[in-house]
Structures are given as structure tokens and as C-alpha cells.
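Each reported figure results from applying straightforward, stated rules to the coordinates on display, with no laboratory input. Worth saying up front: this structure is predicted, and the values here are computed from it rather than measured. FYI the Cβ positions are ideal-geometry reconstructions off the backbone, even for glycines, and counts take in every protein chain you see.
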Amino acid sequence: MNFKQVQLENALKNIDVKIKCIILFGTNEGAIVDLQKKCAEAVCSSTQDAFNYVQLNMEDISKDGGEVYAEFCAQSLMGGRRAIIVKNADNNLAPLLKSMLPETTSENLLILSSLSLNTRSSIITWAKDREDVIICGCYEDREEDLGAVAQNMLREKGLSADVATLQLLCSRLSPDRKLSQSEIDKLAVYMGDRTNVTAEDIKAAVSDVAGANVEDLCYFVAEGFVQKACNMYERLLKEGQEPSTLIRQIAYHYAKLLQCVAQIESGKTIDEAMSSIRPPLMFYRKASFKRQMQIWNKDRLLRIMKALYDTERDCKTTNFPAEQCAAYFVLRLSDAANKLQQKK
């Protein structure tokens, strides 16, 4: 069964004994670590309980997976379900799971976590239609759900914040939940006995770890988020990105839009055109990309591609103010998208 993170957290409140295995995968290490702990605590009282909790590393597991089999089938001396964690799991465990899970009568819970598995991995493909296995993809916390994540982290520490303070906090947090959790932990220590977080507390205790993302820049520009595009451009420059490189990445993004628009003109649907993009769009990008295709038609895209080529050339010209040139183009392009958006 394929669960989203929220669905999994709700299921863990009363985890069904028929669930034998939970597989956590994706790019958000912090979210995986957080859910891994919650999964274990759903079946055993404490991750410090050696009788009911064990953690294995994939590199220490033999080829036949005997260590996993032995732990999964073992009974707790104190009774109750046991939680068996396998960190850095990979497809080598697939044969063991395929033979062990359908036959087992064990009520223990096997929890696999991995940053290397993806939706095309054989173990994920096998597990997604099984009723006794839950798979959960953990990806970067996007802007639309970062607020909820931050609020939950504050609540777990007994802290609260008003809307303006929460927005300031989110602007400093990272899409990687592990980094964000570290900052919230620092904030909790700084607060001491106080529970109401203020903007001054955020500025004093929380580092700005919201790492810049070139892909975010492209999407901000193409969808007309002017201020966000300019802020992201400045952040990327500070992190060492070259102006010409950023313009080239924006050009690649617009080339994808042009490819899709051309396919739609030839008779394909929007979804068919989007599915042809390689590498495939991440699920959380699809709605935004679809909106962009409605903003930019073929003629506009062709003009933009020419302008992007000229801007990249200018940025590479000796003694030319490349940073200012690229910044001006990011501003113009995102503003054009914004105005086109408003006309629709």
C-alpha cells in the first residue's frame, strides 16, 4: 500500500497487526528518520528497549538476509510486538521479503529506511500492491507544507508562535527535515521555560538553513513569483553559483515547456506531454508545471529561448556585469509571467 506521510502518521496511531513491513524511502533524510522512530514507537514502548527494538545496517547483513529473518521471527522475552529497523535498505532484500512475508505468522514490524530506493526500485514495485506492506515516499518539505511541519515541531517541544513568527521561522528552515529539526531543538533550548516564541527569538536562535535550489528558481521565474525568484537568485549567487549557469538552467526549464507545448499542438493531452519529460517531473512539481504551460504559448517560448541564449552569451562576455545582467533578466522574465498570469 502506498501511503503519504500524513496517512502513515495517522495509521501509526493504531497500527494494524496485519502490517508486517513499512518501507520509508526518498530524499528527505530528516523525514525518514522522524517517521522511522514513530513507526518503531507505534509497536514498542521505547526505542531503548533492547527486548523489543533492534536496529540493523544493510552493510552488515549477509547476502541471504539471515540476520533480518532471525530478528523478524524472534519473539520478545517480555511479550508484545518487536520493531526491527534496517537502515540503508536496498533491492538485495527483495528475495527475502518475497519469501518471508507471505509465509510468516510473526506479529513483529519490519521497518526499512533508504535514501537510495525510488518508485522504480524492484522492492517498491513489489510492495506497493501488498496489503501487509506500507511504502511511504519522503521528499523535501515543499513551501506549501513546511508551515505545518514547523508547527508540529514547535508543538512537540511545547512551543507556540503567531502567524508572522511562524512565517519568519519557515523562511529560515530547510526542505530537509533533519536540518529543520536541529534548528527547532536549538530554539527549544534557547527558550528555556518560555513557551511563546517571538520574532526576536527566531532571529537569535535559528540559523538560516533554507538551502537554495536551482529548480525552485526556474519554477518561481516561469510561474511569475517575482520576489521569490529574485530572492532565490541572490541566494544562489551567495552559495557560489555562476550567473551564466543559472540562466542556462532556466533555459533548460523553458525548453521543457516548449517541448510540451509543441506536443500539445500535435494532438497530445497536457498529461501525455508532461509524461514525456525526461527525467520525469517530481509529483509535487506537476501542478506548477501545468500552470506554466497555460501561461507560455509557443511563440512566447521561442522568443524567450532566444533572449535566454543572448543573456547567457552576455554573461560570459569578458568585463561584462554578469550578475546584474542575469538579475535583470530574472526580474523581467518573472514579471512577464506574473502579468500573463493576471490576464488569464
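How large is the dipole of the stretch 214-343 about the Cα centre if only Lys and Arg carry +1 and Asp and Glu carry -1, each at its Cβ, rounded to the nearest 20 debye? Display every interim value, and only then the final one.
Working: 20 positive and 15 negative charges, 68 e Å.
Here the stretch 214-343 has a charge dipole of around 320 debye.
With contacts taken as Cα pairs under 8 Å at a separation of at least 6 residues, the stretch 214-343 carries a relative contact order of 43 percent.
What is the total of Lys pairs in the stretch 277-344 with C-alpha atoms under 30 Å apart, excluding same-chain pairs fewer than 8 positions apart? The number of close lysine pairs in the stretch 277-344 is 20. A Cβ-based charge dipole, computed about the Cα centre of the stretch 49-104 with Lys and Arg at +1 and Asp and Glu at -1, lands at about 180 debye.
Suppose only helical runs count, i.e. DSSP H with n ≥ 4. What mean residue ellipticity at 222 nm does that imply for the chain under -39500 (n - 2.57) per run, divided by all residues and rounded to the nearest 500 deg cm²/dmol? Walk me through the numbers on the way to the answer.
Values: 16 runs with 191 residues, N = 344.
My calculation for the chain gives -17000 deg cm²/dmol from helical runs alone.
Would you kindly calculate the translational diffusion coefficient of the stretch 143-205, applying Stokes-Einstein with the Kirkwood radius from alpha carbon pairs, for 37 °C and a viscosity of 0.692 mPa s, and quote it in µm² s⁻¹ without decimals? Intermediate results must be reported in sequence, preceding the final value.
Values: Rh = 11.4 Å.
The diffusion coefficient I find is 289 µm²/s.
For the chain, the Cβ-based charge dipole about the Cα centre amounts to some 1240 debye (Lys, Arg positive; Asp, Glu negative; other atoms uncharged).
Annotation: extensible slack from Asp335 through Val163 equals 59.2 nm (criterion: 0.36 nm per residue apart, minus Cα-Cα distance). Can you tell me the FRET efficiency between Ser288 and Leu77 if r is taken as the Cβ-Cβ distance and R0 is 56 Å, rounded to the nearest 0.05? Working from the Cβ atoms, E equals 0.60. From the largest down, the stretch 1-126 spans 39, 33, 24 angstrom on the principal axes of its Cα atoms. Tell me which lysines have Cα within less than 29 Å of Lys203's Cα, excluding those fewer than 8 residues away on the same chain? Filter leaves Lys157, Lys178, Lys186, Lys228, Lys238. Post the alpha-carbon centroid distance, the stretch 97-127 to the stretch 239-267, in whole angstrom. The stretch 97-127 and the stretch 239-267 have Cα centres separated by 38 Å.
In percent, how large is the relative contact order of the chain, given Cα pairs closer than 8 Å and 6 or more residues apart? In percent, rounded to a whole number, it is 16. Averaging the Cα positions of each part gives two centres, and for the stretch 26-68 and the stretch 154-226 these lie 28 Å apart. If the chain linking Asp132 and Lys298 were pulled fully straight, counting 0.36 nm for each residue of separation and taking away their Cα-Cα distance, it would gain 55.0 nm. Remark: spin-label model distance Phe320-Asn2 equals 4.5 nm, labels positioned 7 Å along the Cα→Cβ axis. If the viscosity is 1.567 mPa s and the temperature 4 °C, what translational diffusion coefficient in µm²/s does Stokes-Einstein give for the chain when Rh comes from Kirkwood over Cα pairs? The calculation lands on 56 µm²/s.
Give, in nm to one decimal, the length gained when the segment between Lys306 and Ala205 is fully stretched (0.36 nm per residue of separation minus the Cα-Cα distance).
Details: separation 101, 0.36 × 101 = 36.36 nm, distance 4.60 nm.
Once the chain is fully extended between Lys306 and Ala205, it gains 31.8 nm.
Computed from the Cβ-Cβ distance with R0 of 30 Å, the FRET efficiency linking Lys38 to Glu234 stands at 0.20. Could you tell me the calculated FRET efficiency between Thr198 and Tyr69, based on Cβ-Cβ distance and R0 = 45 angstrom, to the nearest 0.05? Step by step, r from the Cβ atoms, then E = 0.25. Here the peptides 106-119, 3-16, 300-313, 323-336 are ranked by packing, the mean other Cβ count within 10 Å, and the order with the highest first is 106-119, 323-336, 300-313, 3-16. Within the chain, the whole DSSP H helices whose Cα atoms reach 15 Å or more along their own axis and whose mean Kyte-Doolittle score is at least -0.5 are 29-43, 177-191, 226-238, 243-265, 322-343.
Only lysines eight or more places from Lys18 in sequence, or on another chain, were considered; those with a Cα closer than 21 Å are Lys4, Lys37, Lys38, Lys98, Lys128.
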